[in-house]
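What follows is a set of notes on a single structure, which appears directly below.
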Amino acid sequence: MQPTGHAADVRVLERDLRRIFGDRLQSLSTYGDGAHALVIVTTLTVDDLHACAERTAAWHAAHLATPLLLAAHEFESALDAFPLEFGAILAHHTVVAGKAPFDGLTVESADLRRAVEVQARSQLIHLREGFLETRGDANALALLIVDSAPAFTALVASVRRLNAAFDPGPAAKPILALAGAHDLAAADAERLFPAYVDAVERLVNYVDRWTA
């Protein structure tokens, strides 16, 4: 459900879009926290981008994110390229204006698995490279863990889109608990890091073997 705090601001966005695109505006939908918008139009030109750029500061001042602008059928065509991002919009959105843009659209499980594998392997590579860059400094290691914890939380959520019952294991729980944290003791970082790497490796292996 769209947060009421953004409702009036989204209507302002709708008014601006109708002024810019006119009858070419096919649909306006919000997603995420309600501050993000997906705009689908019949055609999208550089002049349209200029017109939207002139309003972007006002949209940001209203606590709205820069809208995602797509020409007709681009969303459907890009589902296989962005199954995580666009799949999340499919799952949780509110149509504000125009026709429902996603009727009949689904994310293929093979595309989703491939995207989750890329996400998981990227997380593992980031952790290993980040550890080398700490040069053995426990405080830097603590920063690496805290900074990467939200991405790990997102990764677990992505794996659960493949299997809602997936359990990341006990080693993952302390890292998941750090999402939103601002600091971590150096001694705790040295204790947590080996288990953290093991948890990500477990995710990589799970996704690599996963079948629908």
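Each value in this text was obtained by applying a stated rule to the coordinates, not by laboratory testing. No experiment lies behind these values; they were computed from the predicted model shown. Neighbour counts run over all protein chains shown; Cβ positions are idealised from the backbone, glycine included.
Just so you know, the averaged projected area of the alpha carbon convex hull for region 4-98 sits at 5.8 nm².
Computed from Cα atoms, the angle from the helix 186-209 axis to the main principal axis of the chain rounds to 60 degrees. For the chain, the longest principal axis of the Cα atoms and the long axis of helix 109-134 meet at an angle of about 50 degrees. Using a simple spin-label model with pseudo-atoms 7 Å out from Cα toward Cβ, R18 and A165 lie 4.9 nm apart. Residues whose amide H lies under 5 Å from that of A97, counting only those 5 or more places away or on a different chain, are L28; hydrogens are built 1.01 Å from N in the peptide plane. The label point for A71 and the one for A212, both projected 7 Å from the Cα toward the Cβ, are 3.0 nm apart. Set the Cα radius of gyration of region 87-212 against 2.2 N^0.38 Å, with N its number of residues, and you get 1.23.
Calculate for the chain the 222 nm mean residue ellipticity that helices alone would give, adding -39,500 (n - 2.57) per DSSP H run of length 4 or more and normalising by residue count, nearest 500 deg cm²/dmol. Walk me through the numbers on the way to the answer.
Working: 8 runs with 127 residues, N = 212.
Roughly -20000 deg cm²/dmol at 222 nm, from the helical runs in the chain.
Of all beta bridges that DSSP places with both ends in region 1-105, some 75 percent have antiparallel geometry.
Here the Kirkwood formula, the inverse mean of 1/r across different C-alpha pairs, assigns region 19-158 a hydrodynamic radius of 17.6 Å. The antiparallel fraction among DSSP beta bridges confined to the chain stands at about 75%.
Would you work out which of S77, T153, N139 lies farthest towards the positive end of the dipole of region 63-212? Charges go on Cβ: Lys and Arg +1, Asp and Glu -1. Towards the positive end, the residue furthest out is T153. Model label points for L90 and E129, set 7 angstrom from Cα along the Cα-to-Cβ axis, are 3.0 nm apart.
Exposed loop trypsin sites (Lys or Arg not before Pro) only (DSSP loop, at most 15 other Cβ atoms within 10 Å): please give the longest stretch of the chain free of them, not including the sites. Present the calculation step by step, with values, prior to reporting the outcome.
Details: sites that count: K99, R135.
Looking at the chain, 1-98 is the longest stretch - no exposed trypsin sites (Lys or Arg not before Pro) with at most 15 other Cβ atoms within 10 Å.
Taking each residue as 0.36 nm, the span from E54 to V118 lengthens on full extension beyond its C-alpha to C-alpha distance by 19.4 nm.
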